[in-house]
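> Once you've had a glance at the structure underneath, I'll fire off some questions.
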Amino acid sequence: MSTAIDTALVGSLTIPYAIEQHTLLRDAMAAGTSVLDLGGITECDTSGVQLLLAATRRAQSQHVHLELRNASGAVRDTLQRYGLESLLSKAQST
Amino acid sequence: MTTSDEEVLAIARAGFLDEARENLQQFEQSLLTMESDPADTEAVNSAFRAAHTIKGTAGMFGFDAVVLFTHEVESLLDHIREGQIALSEAAMGLLLKSRDQMERLLSEVGQNHTDPAIAADSDSLGHELRELRGSAGATAQSPAATAAPASASADGVWHLSLQMGPDALRNGLDPASFIRYLSTLGEVQGIRTLSHRLPDLSELDPEGCYLGFEIRLASASDRATIEQVFEFLREDCDLVVLAPDASSEEFEALLAKRAPDEAAKAELLACWQQLAGPDAPPFIERRAEKTERRVAEPERRSGTKERRGGDETRFIRVRADKLDKLVDLIGELVIASSGAQLVATREQSATFGEAALRIHDLVQEARDGALGLRMVPIGETFTRFQRVVRDVSKQLGKDVELEISGGDTELDKSMVETIADPLMHLVRNSLDHGIEPTEERLAAGKPARGHLALHAYHESGSVVIEVSDDGKGLNRERILAKAIERELVPANAELSDEEIYQLIFKPGFSTAEQVTNLSGRGVGMDVVKRNVEALRGQITVASQPGRGATMQIRLPLTLAIIDGFLTAVGGASYVLPLDIVAECIAVPAECMAHPERVTGTFDLRGEVLPYLDLSLFYGHTPPHGSRRSLVLVRDGVTRFGLVVDRLLGEHQTVIKPLSPIFRHLKAISGSTILGSGEVALVMDVPGLMACAIASTTRQRPLAQRFN
């Protein structure tokens, strides 16, 4: 997949919305997304972190580099709490 | 969906609503405790737990409106628990408002329809909750972060290993909040998230939880305190806490438990090493080469689950109508058993009599048991008033504390429900008009804080509920003036204080304008009295000017069946509740001296008591020559005598209400069917007492008063 497919996640990345977001994310990844824009995420909890981790994994298994771009404060805070800043630093270095 | 499915669902939903209401009650209670004692961390936990349970069960049923809103409430509580948000007055107000909103949402579920206005409220309240959470989160975090390291260096470094259970998130338990909370105990030096159990994106259950966490925490706290943080998660995670001085064996065991194979072990070790950095415990350094495997320690979770299962079986939910049917049936059984006894006596068969007596005893036990099933403690109703007192006193700008005692006093469930409204009225009255504003209290030399007490206890077969305050008491003169103005009493009437106080219960007394310290808001005290009387209870008021007033409600233990004392008056049978019969004596000489008088007084061992001749009172002619008796009954503290023609002994009585045609009969409260099939009338003792006492002071003919 040579052209970067850019998908933006918006709204709440929390458990009440987990099923919706999962569906969106799964479809996006299946479509070959390589950039996830997280600027529009207002809330993020553990279910959200899991989704981001799973998306990154999926990308790795497909040998795609997934860039998590433009993470909002909510996403950044939660990832930091879990010691997962590395997911983001990848994004920043790119 | 088949009908039976629908039925099952309906029952389950009713169960959910019941449970949710209980939780809501606990939620409110905890909030009020938090408000009065902000240091009580258990109250915050308890509120959190209650909200959480509501959310969890609502989620199971798919009541999304409840889930989404409760989630916001829970999140705010979570922040409060972690000390990120101070429990300001605004926060408390918002939480209480949210509680009301939760109640509305639940009643929507109950009525099975949705109101857009309620949904809009949910949105706006939810927004407020989020805003409060957001505003405080940013400001509170930085000081915590800077404060922690100072104390950290001296403390030991604990190692925590958490493996989340699959349902943690679904149950509303986000590990992030618990980990955040950890930082109140010390410094979280490092955290690694283990995601090796995370399935592929397409197979992922987005509401499941797959993560594990390895945490290093520098803290001076002890093990119990640290484990306490994860108390809510106990069911949903596996937690291993290793002390700063943990031995190699302990790390080894943890490793064996967490990592099923060598690759995973190596990965976990690497993670630990990374986490600990140069200060890694010696074990982690040494462990690199070791390969032997150890037996994993048995799962602790299975034990706790079993315990909980035991607790749950302690209660069974039963539909109220089933219980009512049982009580009805037992009522019939009581009558039938009395009938059998009667036949036995008539047949003069000793063996039959014995058998009938045995049945009678068993029926009595069954009756007590069946009635006991309907009994619930009144405490739940009482605690509801915490909120009322808080809200109303705030509104009025008064400072009032509520004292509750005797909350475990039990009474019939239907009565508990019916009595809540009259109690509410009394409590509001006390707050509004009884307890004075602070300045007035101080001027009168009383403590600034008003005192309102709810008290319940059992007394001679009835339940007594008291609402008392230390306010200014009833204004005797104003009540009397008002009553005269309204022509409720003649202008020249000479009334005792008690009689004057009772005037406030007259219809048309308190509804018009705010005349007494007890005037109501639309509903008068007469309605309260009517409600209480509908339960075969009575209400009295005692007042000490300047010191306060006490409203006393006296209710029978149960509505359906009583132990009766059967008497004959003028050829008909009358039943008295056995509990109130103190003793039976021969008619005293004072009564004999005036056979034509309906009422009078007699001397009982030096005490002057009123009496009422029931034959004359009910319009019979007393039999001449036969030996009559006087039954001494007590009602609360007052005692008085009832002259009857004959005593027929104990009799279990199933009370049937009188048909509406007879409602105006004041001194009769119901009827019952005797074993012989005859009808007996149940005497309304408080009614009779009112006549006995009133007529000793008045000369008006009785018939006129009771027609």
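Throughout, read-outs are computed from the coordinates displayed, never taken from laboratory work. Please read these numbers as outputs of a predicted model, since none were measured by experiment. Ideal geometry is used to build each Cβ from the backbone, glycine not excepted, and the neighbour counts take in all protein chains shown.
> Please grab the % of Cα pairs in the protein assembly as shown that end up more than 42 Å from each other.
50 percent
> Something else: Going down the list B:LYS398/B:LYS482; B:LYS97/B:LYS446; B:LYS97/B:LYS506; B:LYS55/B:LYS325; B:LYS482/B:LYS656; B:LYS325/B:LYS506, which pairs span over 29 Å between their C-alpha atoms?
B:LYS97/B:LYS446; B:LYS97/B:LYS506; B:LYS55/B:LYS325; B:LYS482/B:LYS656; B:LYS325/B:LYS506
> State the extension gain, in nm to one decimal, for the chain segment bounded by B:GLN228 and B:ASP408, taking 0.36 nm per residue of separation less the distance between their alpha-carbons.
61.7 nm
> Helix-only mean residue ellipticity at 222 nm, the protein assembly as shown, DSSP H runs n ≥ 4 weighted -39,500 (n - 2.57), per residue, nearest 500. What is it?
Estimated from H runs of four or more residues: -15500 deg cm²/dmol.
> OK, next. Just grab the label-to-label distance for B:ARG478 and B:ALA320, each label 7 Å out from Cα along the Cβ direction, in nm (one decimal).
Output for this residue pair reads 3.8 nm.
> Next up: Would you mind counting up the charge near B:LEU557? Only other residues with Cβ under 15 Å from its Cβ, with Lys and Arg at +1 and Asp and Glu at -1.
Details: positive: B:ARG367, B:ARG374, B:LYS413, B:ARG536, B:ARG554; negative: B:ASP368, B:ASP408, B:GLU410, B:ASP412, B:GLU459, B:ASP563, B:ASP579, B:ASP635.
With Lys, Arg at +1 and Asp, Glu at -1, the net is -3.
> Another question, then. If R₀ is 60 angstrom, what is the calculated FRET efficiency for the pair B:ARG605 and B:PHE352, using the beta carbon separation as r and rounding to 0.05?
My answer for the efficiency is 0.90.
> Which of B:VAL400, B:VAL318 has the fewest other C-beta atoms within 10 Å, and how do the rest follow up to the most?
By the 10 Å Cβ count, ascending: B:VAL318, B:VAL400.
> Given the options A:SER34, A:SER61, A:SER12, state which has the largest fluctuation in a GNM of chain A using a 10 Å cut-off (strictly under) for Cα springs.
Among A:SER34, A:SER61, A:SER12, the largest mean-square fluctuation in the Gaussian network model of chain A belongs to A:SER61.
> Over chain A, what lengths in whole Å, largest first, do the semi-axes of the equivalent ellipsoid take, defined as the square roots of 5 times the eigenvalues of the alpha-carbon gyration tensor? Don't skip to the answer; put the middle values down first.
Details: eigenvalues 70, 46, 27 Å².
They are 19, 15, 12 Å, listed from largest to smallest.
> Points 7 angstrom from Cα along the Cβ direction at B:ASP5 and A:GLU20: gap in nanometres?
Result: 2.7 nm between the two label points.
> Quick one: which residues, 5+ away or cross-chain, put their amide H under 5 Å from the amide H of B:VAL463? H built at 1.01 Å from N.
Hits under the 5 Å cutoff: B:LEU555, B:LEU557.
> Can you sort B:HIS624, A:HIS65 from fewest to most other Cβ atoms within 10 Å of each residue's own Cβ? Spell out each step's value before the answer.
Working: B:HIS624 6, A:HIS65 13.
Result, fewest neighbours first: B:HIS624, A:HIS65.
> Can you divide the C-alpha Rg of the stretch B:569-677 by 2.2 N^0.38 Å and report the result to two decimal places?
1.11
> Continuing with this model, one more query. Based only on other Cβ atoms within 10 Å, what is the fewest-to-most ordering of B:THR638, B:THR550?
Taking fewest neighbouring Cβ atoms as first place, the list is B:THR638, B:THR550.
> Which distance in Å, rounded to a whole number, links the C-alpha centroids of the stretch B:23-59 and the stretch A:29-77?
Rounded to whole Å, the Cα centres lie 35 Å apart.
> Direction-averaged shadow area of the convex hull around the Cα atoms of the stretch B:591-655, nm²? Mind dumping the intermediate values first?
Working: hull surface 23.1 nm².
Result: 5.8 nm².
> Just for the Cα atoms in the stretch B:374-481, what are the lengths along the principal axes, largest first, rounded to whole Å?
That works out to 47, 32, 21 Å along the principal axes.
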